[in-house]
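S.K.: Below is one structure. I have some questions about it.
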Protein chains: 2
Amino acid sequence: MPHRSDEALPAWFLGPRAENADLVERLVTEALRDHVFWRRNYHPEDGVGIRELDKRREGYEAAVATLTQELMGLLAQLKRDVPFFSGRYKGHMIFEQTIASQIGYFAAMLYNPNNVSAEASPVTTRLEIDVARQLARMVGYHPDHAWGHLTSGGTVANFEALWIARNLHYLPVAAAGAAAELGLRLDVRTPDGTSAPVRELPLWALLNIDAEPALDLWQSLWSAAPAEDVRRAVERHSLSAVGYQDYSLRLAATYGDALPAAVVLVAATAHYSWEKIVRALGIGASQLRFVPVDAACRTDPDALWERLREFAARRTPVIGCVSVCGTTEESAVDRLDQLLEVRDRARAELGMAFHLHSDACYGGYAAAVTWRADGTRRTAAEARLATGTTWPTDDWMRAMTALAGADSVTIDPHKLGYVPYPAGAFLLRDRRARDLVAIDPPYLTPPSQSTIDAGAGQELFLGRFIFEGSKPGAAAAAVWLSHKVLPLDERGYGYLVERTVVGARRLHAALRAATPDGFDVVVLPEPDINIVCFIVRHPQLSTLTGLNALNEAIYARMSHTRDGQAPEYIITRTRLRTPMYDGAIAPILESLGSGTVEEWASDSDGLVVLRSTVMDPFLASPTGGVDHVAGFVEALGRAAAGAFAELRDGD
Amino acid sequence: MPHRSDEALPAWFLGPRAENADLVERLVTEALRDHVFWRRNYHPEDGVGIRELDKRREGYEAAVATLTQELMGLLAQLKRDVPFFSGRYKGHMIFEQTIASQIGYFAAMLYNPNNVSAEASPVTTRLEIDVARQLARMVGYHPDHAWGHLTSGGTVANFEALWIARNLHYLPVAAAGAAAELGLRLDVRTPDGTSAPVRELPLWALLNIDAEPALDLWQSLWSAAPAEDVRRAVERHSLSAVGYQDYSLRLAATYGDALPAAVVLVAATAHYSWEKIVRALGIGASQLRFVPVDAACRTDPDALWERLREFAARRTPVIGCVSVCGTTEESAVDRLDQLLEVRDRARAELGMAFHLHSDACYGGYAAAVTWRADGTRRTAAEARLATGTTWPTDDWMRAMTALAGADSVTIDPHKLGYVPYPAGAFLLRDRRARDLVAIDPPYLTPPSQSTIDAGAGQELFLGRFIFEGSKPGAAAAAVWLSHKVLPLDERGYGYLVERTVVGARRLHAALRAATPDGFDVVVLPEPDINIVCFIVRHPQLSTLTGLNALNEAIYARMSHTRDGQAPEYIITRTRLRTPMYDGAIAPILESLGSGTVEEWASDSDGLVVLRSTVMDPFLASPTGGVDHVAGFVEALGRAAAGAFAELRDGD
């Protein structure tokens, strides 16, 4: 049913004072009792298992006493947890969760379905598939051609993306080997748009086939010979089966042309987990190559082009390029539209092809801003009218709608989706690519005679196509219910994200204008979404070292754990380091007047930057209570003064 | 407080008729209100964010209406979920969850801590570390030398085990390279017990160093030169950094001795995820080598020895060997004590060393059976007295206590720990090995000035050492509270597992004795824990194909999804296939009188086996209600008759 989003917002969360406690308690109780009576209605003739008499025994009483007492102990401990729900929390990417997701999680957790297979989750596997389709539609994929699923989080989702990209990269080599073995002639489309027999292509060409023609080739291979023959041949030629060690030696032997190890390009701002991922996949951390960012911390398209030219010149294949939509540190949104143009140019001019992945773990839900309620795209001007600010720019809208062009996208519902952990998501533009990591376990195949037909049965057995096995169906229910209450467009998540952007801009403006006694605040540029980064400066601590010490000390005073005392406001901090931030650092250092780019670059400690994520939608227009923008600026002044005194006394 | 476990058991679960509904509702409400008033007590001066007036707006009412209505829709859908709680569910490895874990999860989920770092989870990260220590102690590790953490499930935990094993395998090579580059002389202990300069060892010897001397070598390297120099040298020589492609070529070039690709040995009964894991890690599915099982589906120690001899003869290095404690299909518990002896012998006679991992994802909690309340080990005879059966045997106790000798163990609390998904666990005997996969992200380092000192701070930043990033602190709270109520010894989980074994044996005996009209039931041997496997036979369907068709048809009638109708009892099925089950199949085929081993081995469809996991502790001694052992046998007879008629009519 339609509603005014500004009026609906107060109903979406429990609230900073738990204002919606009655509502939540009612729904929690409802969900619990509904489950209880489901049990009682299941074969009531089975009679009672736990008799009233059993409940009157000493051991029963003792167990209940232990449970109650230990729960009280847990509740007491939890009071030392971080108040993410409060307007005073301006730290990491977390706020409170939507009521819908909390209740959805709880309701389904009582059933504890396992989304590894529909046999253990007939309801929630379908919800997960629904949710993946909704997210696919939000990024602009065609839901029938795309495919996706939930993961435990962004790391696993990104891992799957690069795992598939790696297998896709080597797929034409495997197909060429299998075709030769089976005596098949198969053609494939190369970057210049022509078709060529796959067996005649040199290694460099085989490693530069786009995803779509590679998957077409894959399909032709499987239809050109009996499946069992193809399977055997593929196993003798695929990296997954052969393993890197023999594969590397064999490539060199077969093609007499041991190309340099293939690389993965990532935005310099990419999350640290990408290093874990290339290490684990055996690609190697040295093959993770950073693409410099511009002053807004976005991947620099020109720099990407230069890198690609260098790799082409050295005949170094590129497995994939990871663009970021909402960097962890700054919420910067890459100009994916421009990066896609660079890829087109690389295809045309350099004969290069590679997987383009968007790590939208943080920023993905901001794509909801681009959609009207009727399923058509909004213009940037329309969205600006809604925010009453200069955000979003036309360029931002282009960047977000360009997600549709990425080969894969990862989005974490447990970040800007405001649902409880764990909920990441992996989306694939061309669903066929999932077969490159599929597997057949012996005991989880769907029944042949059932209401689920064979084809759909496969669809509902997620464990075949994904990295993880057992996984909570409750997470799917949480995301599903939240999407029902907050649609993935201007009415729901779009509105929510907009409010956080407006709040972040209020904070940004206030910090820029702030003049705490004796200090000044240097702010990084206005964020693409809602993370505000800034540095506090004092004239007596003007070196880079002094500046870092001051900001570290302020962070210590404004982080949760200091001396066991709750700080007035809670922030976090990061360090901008060379060479990742070379493109962004010059204007910041200039504003700071503290040292030169060379000094900064020579210092492995980098530059400490204070960081506040504004996921609190209430900051945009405070009602009733205190204004946490003003409060924050004042608290920052006190923390700076205290930090400064501490550093001075410590000298 | 002490209690009689038999009297306590009825208090541990909500119950098949939700007999403990009042208790659960009270505790859920308590946890919710406790959270609500925590919010209200946090800076009460901030005033109200959501005003009463806001709740009277049309948009608010509409949003609440949407939420309530969609929740009702979700609850209605969930009624089609699987009744895991019921005595009628005898399928996959799932039952209902302990009340403690459900409430623990819910209570912490309201706070939604993120156990990636204590900064986002000051309470639950500590709970996770507690829980890992408890599990480490249960498998017999020294809690101060061991280390562990929770994962999203068994796949990720097993992945971490093999990831670390792979890096450990190549560690001496990296150390040798780094030592040469830095001009250091470092000694290492080789399998023959002598010390040798690492730079002088041939490749085969470097790839056969045990974990402990390898980690000692690692420590010596880091203390022999400035850290920055070591870091740079290691990066030039470690597989993680260099990546497989260059590394493989370089090994061949440096040592002039390109050994065959290193293999991973797994029990033939190992979970299908091991294939995902070796594929993803780049080791390759072809390098996954199965070790045959004996008639009890346990890894055959003699077969392992033979395999190792073959590999030694072909100079094929072994990265690791995966033993299983509680196979997915049969709950078979490998004789780990004997496998460890084989490893010792391989070290002494073949000069081989490798990582020995126990995949105890399913069976790990059964180790609680081996512990008395006072922290000493029970004897098998003591445990048999408690079960009143022949279980556990002395050999079983030896196998379980041998877990202490495994280099790593994975255990899923979301299986025999009876906690909600997601909760896997990874345990490492020598905590130093975690450094081989550690990483430093820029924004999650612990504050230098805080109540958490630097050393402890590192400990509390789990994201550095583990594969995943953001993860639910609620899972840690769930496991923690459940361990508080059910200790990991004979009083708690030990008792619970015992009851399921007794129940499984009742079912096993009843099936063995069953003579449904016209059919007979062939049971596999009594399980090591609690999974009962059996095959229904009819004289007119005596071929392997006929037998498989009959049992598939019975499965279809006794699985949840048939024709949308709830079956009387719910089971699952698996397929024993060649060559994995060659060691176990002969006696089964003999009992069946259906075909020969050769026939079976030539048929890729294998043998369909019906499978019932007995995680229901109430099956052991039914009180009040129906006896689900008798009920099951009768329902099986009806399903068999129906299936037979269907097959006959279909002819």
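None of the figures in this text is laboratory data; all of them are computed from the coordinates on show. This one's a predicted model, so the numbers in the text were calculated from it and none came from an experiment. Note: ideal-geometry Cβ built from the backbone for every residue, glycine included; neighbour counts use all protein chains shown.
S.K.: To the nearest 20 Debye, how big is the dipole of the protein assembly as shown about its Cα centre, given +1 on the beta carbon of each Lys and Arg and -1 on that of each Asp and Glu?
M.R.: 420
S.K.: Can you tell me the Rg and Dmax of chain A, counting just the alpha carbons, in angstroms?
M.R.: According to the Cα coordinates of chain A, Rg and Dmax are 27.1, 82 Å.
S.K.: Taking amide hydrogens as modeled 1.01 Å from N in the peptide plane, which residues meet the under 5 Å criterion relative to B:VAL263, leaving out close sequence neighbours?
M.R.: Answer set, sorted by chain and number: B:VAL318, B:ILE319.
S.K.: If you don't mind, another one. Calculate for chain A the 222 nm mean residue ellipticity that helices alone would give, adding -39,500 (n - 2.57) per DSSP H run of length 4 or more and normalising by residue count, nearest 500 deg cm²/dmol.
M.R.: Helix-only estimate at 222 nm: -14000 deg cm²/dmol.
S.K.: How big is the dipole moment of chain B about its Cα centre under a simple scheme where the beta carbon of each Lys and Arg is +1, that of each Asp and Glu is -1, and everything else is neutral? Debye, nearest 20, please.
M.R.: 500
S.K.: How high is the relative contact order of the stretch B:493-650, in percent, counting Cα pairs under 8 Å that sit 6 or more residues apart?
M.R.: Here the relative contact order equals 33 percent.
S.K.: At 0.36 nm per residue, minus the direct Cα-Cα distance, what do B:GLN219 and B:GLU590 gain on full extension? Give it in nm, one decimal, please.
M.R.: Taking B:GLN219 through B:GLU590 to full extension adds about 128.0 nm, to one decimal.
S.K.: Using +1 at the Cβ of each Lys and Arg and -1 at the Cβ of each Asp and Glu in the protein assembly as shown, identify which of A:TYR495, B:GLY364, B:HIS145 lies farthest towards the dipole's positive end.
M.R.: A:TYR495
S.K.: Any idea what the relative contact order of the stretch A:170-255 is, in percent, if you count C-alpha pairs under 8 Å spaced at least 6 apart?
M.R.: Normalised by residue count, the contact order of the stretch A:170-255 is 37 percent.
S.K.: What does the net charge come to around B:GLU61 if you take all other residues with beta carbon closer than 9 Å to its beta carbon, with K and R at +1 and D and E at -1?
M.R.: So the environment of B:GLU61 carries a net charge of +1.
S.K.: If the only charges are +1 at each Lys and Arg Cβ and -1 at each Asp and Glu Cβ, what is the size of the charge dipole of the stretch A:493-650 around the Cα centre, to the nearest 20 debye?
M.R.: 300
S.K.: Would you mind pulling out the separation of the Cα centroids of the stretch A:223-240 and the stretch B:266-289, in Å?
M.R.: About 18 Å separates the Cα centre of the stretch A:223-240 from the one of the stretch B:266-289.
S.K.: For chain B, calculate the relative contact order in percent as a whole number, restricting contacts to Cα pairs under 8 Å that are 6 or more residues apart.
M.R.: Relative contact order for chain B comes out at 19 percent.
S.K.: Would you mind ranking A:LEU203, B:LEU428 by Cβ crowding within 10 Å, fewest neighbours first?
M.R.: A:LEU203, B:LEU428
S.K.: Sticking with this one: Given axes a ≥ b ≥ c from the Cα gyration tensor, I'd like to know whether the stretch A:170-255 is rounded (a/c under 1.5), prolate (a/b larger than b/c) or oblate.
M.R.: Since a/c reaches 1.5 but b/c is at least a/b, the shape of the stretch A:170-255 is classed as oblate.
S.K.: List the distances, in nm to one decimal, from the label point of B:GLU306 to the label points of the same position in every other copy, shortest first, placing each label point 7 Å from Cα along the Cα-to-Cβ direction.
M.R.: Values, ascending and in nm: 6.2.
S.K.: What order do you get for B:SER470, A:SER223 when you list them from fewest to most C-beta neighbours inside 10 Å?
M.R.: A:SER223, B:SER470
S.K.: Restricting to the protein assembly as shown, compute how many DSSP beta bridges are antiparallel as a %, nearest 5.
M.R.: 65
S.K.: Same structure, new question: Hand me the tally of lysine pairs in chain B: alpha carbons under 21 angstrom apart, and the pair either on different chains or 8 or more positions apart.
M.R.: Summing the qualifying lysine pairs gives 5.
S.K.: Give the average, rounded to an integer, of partner chain Cβ atoms located within 10 angstrom of each Cβ in B:33-45.
M.R.: What the average comes to for B:33-45 is 6.
S.K.: Now, a different point. In 5 Å bins starting at 0, how do the alpha-carbon pair distances of the stretch A:532-592 split up by percent?
M.R.: 4, 16, 22, 24, 17, 11, 5, 1
S.K.: Here is a follow-up. Between B:GLU306 and B:GLU349, with labels modelled 7 Å along Cα→Cβ, what's the label distance in nm to one decimal, could you check?
M.R.: Between B:GLU306 and B:GLU349, the simple spin-label model gives 1.4 nm.
S.K.: Moving on. Beyond 42 Å, how much of the Cα-Cα pair distribution for the protein assembly as shown remains, as a whole percent?
M.R.: Looking at the protein assembly as shown, the distances longer than 42 Å represent 44 percent of pairs.
S.K.: Suppose you put the label 7 Å out from Cα in the Cβ direction; list, shortest first and in nm with one decimal, how far B:LYS79 is from each other copy's label.
M.R.: Sorted ascending, the copy-to-copy spacings read 4.1 nm.
S.K.: Distance from the Cα centre of the stretch B:38-69 to that of the stretch A:343-403, in angstrom?
M.R.: 33
S.K.: Quick one: if the Förster radius is 25 Å, what FRET efficiency do A:ASP627 and B:PHE37 give, using the C-beta to C-beta distance and rounding to 0.05?
M.R.: Efficiency at R0 = 25 Å is approximately 0.50.
S.K.: Right, something else. Using a 7 Å offset from the Cα along the Cα-to-Cβ direction at both B:GLU599 and B:ASP520, what is the distance between the two label points in nm, to one decimal?
M.R.: A separation of 1.6 nm, rounded to one decimal place.
S.K.: Going by how many other beta carbons lie within 10 Å of each one, how would you line up B:GLU590, B:GLU70, B:GLU25, fewest first?
M.R.: B:GLU590, B:GLU25, B:GLU70
S.K.: Averaged over A:549-557, how many beta carbons belonging to a partner chain fall within 10 Å of each residue's beta carbon?
M.R.: Mean shielding count: 2.
S.K.: Checking the a/c ratio against 1.5 first, then a/b against b/c, what shape does the Cα gyration tensor give for the stretch A:317-414?
M.R.: Because a/c hits 1.5 or more and a/b exceeds b/c, the stretch A:317-414 counts as prolate.
S.K.: Also, quick follow-up: Give me a single rounded figure for A:271-280: the average over its residues of other chain Cβ atoms within 10 Å of their Cβ.
M.R.: Across the residues of A:271-280, the mean count of other-chain Cβ atoms within 10 Å is 6.
S.K.: Next up: Starting from the Cα of B:GLU61, step 7 Å along the direction of its Cβ; do the same at B:ASP187; then give the gap between the two resulting points in nm.
M.R.: Modelled inter-label distance: 8.6 nm.
S.K.: Next question. Compute the label-point distances linking A:GLU45 to its equivalents in the other copies; points lie 7 Å from Cα along Cα→Cβ; give nm, one decimal, shortest first.
M.R.: From this label point to the equivalent ones elsewhere in the assembly: 6.8 nm.
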